[in-house]
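Report on one structure; see the data block that follows.
The values are calculated or read from the model by the stated rules, or taken from the named source; none is laboratory data. Note that the coordinates shown come from a computational prediction; the quantities given were computed from them, not determined experimentally. Note that we place each Cβ from the backbone using ideal geometry, even for glycine, and neighbour counts take in every protein chain shown.
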Amino acid sequence: MITEVGFQPRKNNQCGTKVPPPNTSEVKIRLPKKHSHLPHADIKGYYQFITFRTYDSVDEFVKKLTAADKSNKQKQQEIDEYLDSSKNGAYLDGVVLKYLYDFLKSKDGKLYELEAFAIMSNHVHLLIKPIEDLSKIMQMLKGASAKAINAILDKSDRFWADDYYDKTIRDEKHFWIVYEYIKNNPLKIGGVETPLPIGTDTLVSENNSGTKVTLPRFYGVCK
């Protein structure tokens, strides 16, 4: 329910701090466009869980799941489980993974306050507190990153799927369920880190400049 949203788990870099829920007048509901099957809720200042995926990952199986007569939550769970093992649209590795990891972090404090993200091979999970309208955030994230990733891959086709899934965090329990889900999701494809591509020596950690490291798929502010 929209009236249940309003958990702010972090304040002054401390996890676990709550504030009262917002008025329902703060919530903007955007109905699906013709190409979309999901409604979206814009609510600045309160955390949201967002998933978006590569365009080539959306095969006939995903389309059938999206159109199925099930709740959005159930459809999203089944789609995520399928995409975790699917090779379709699996571009988010190697140099692309490095770029996207840095790109998502670079928007912290500009488009959103970042709590966590997981970059899977063909989709991304985000836990953020929006600073801008969610529609603007997604437009800027997908637009800028698609252009850069296509340049890296020498592609010119559509990169991200049009739609995305968002869920407003209801309370502290919900926050930690989502946070742990994002944190553990990369384990399904071999762990939170991935080996450097053969012949690549430019992927470095922030704290060990110039040193070869394995590249993480998870980022989070809470331990």
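Is it the case that region 136-146 has a residue that's under 16 Å from the mean Cα position of the chain (by Cα), within 21 Å of Tyr47 (Cβ to Cβ) and not in a helix (DSSP H, G or I)?
No, the conditions are met nowhere in region 136-146.
Is there a residue in region 108-121 that is touching an Asp or Glu at 6+ places or on another chain (Cβ under 7 Å) and of a type in the set (Asp, Glu)?
The answer is no; no qualifying residue exists.
Can you spot a residue in region 72-80 that is out of contact with any helix residue (DSSP H, G or I) (no Cβ under 9 Å at 6 or more places or on another chain), without any contact (Cβ under 8 Å) to a residue 24 or more places away in the chain, farther than 20 Å from Phe159 by Cα and part of a strand (DSSP E or B)?
no
Quick check on region 47-103: of everything there that is more than 18 Å from Ser121 (Cβ to Cβ), of a type in the set (S, T, N, Q) and crowded, with 16+ Cβ neighbours inside 10 Å, which residue is modelled with the highest pLDDT?
The qualifying residue modelled with the highest pLDDT is Gln48.
With respect to Phe117, determine if the residue is aromatic (Phe, Trp, Tyr) and either free of Cβ contacts under 8 Å to residues at least 24 places away in the same chain or within 17 Å of Val178 (Cβ to Cβ) (or both).
yes
Kindly list, by first and then second residue, each pair from a residue in region 164-185 that is closer than 19 Å to Ser121 by Cα to a residue that is modelled with pLDDT of 90 or more and of a type in the set (S, T, N, Q), limited to pairs with Cβ atoms under 8 Å and residues at least 6 apart or on different chains.
Filtered contacts from region 164-185: Tyr164/Thr51; Tyr165/Thr51.
Just to be sure before I move on: is Ala118 touching a helix residue (DSSP H, G or I) at 6+ places or on another chain (Cβ under 7 Å), crowded, with 18+ Cβ neighbours inside 10 Å and either at negative phi or not in a helix (DSSP H, G or I) (or both) in the structure I sent?
Criteria met by Ala118.
Within region 81-114, which residues are of a type in the set (Ser, Thr, Tyr), in contact with a Pro (Cβ under 8 Å, 6 or more places away or on another chain) and in contact (Cβ under 8 Å) with a residue 60 or more places away in the chain?
Once the filter is applied, which keeps residues that are of a type in the set (Ser, Thr, Tyr), in contact with a Pro (Cβ under 8 Å, 6 or more places away or on another chain) and in contact (Cβ under 8 Å) with a residue 60 or more places away in the chain, region 81-114 yields only Tyr101.
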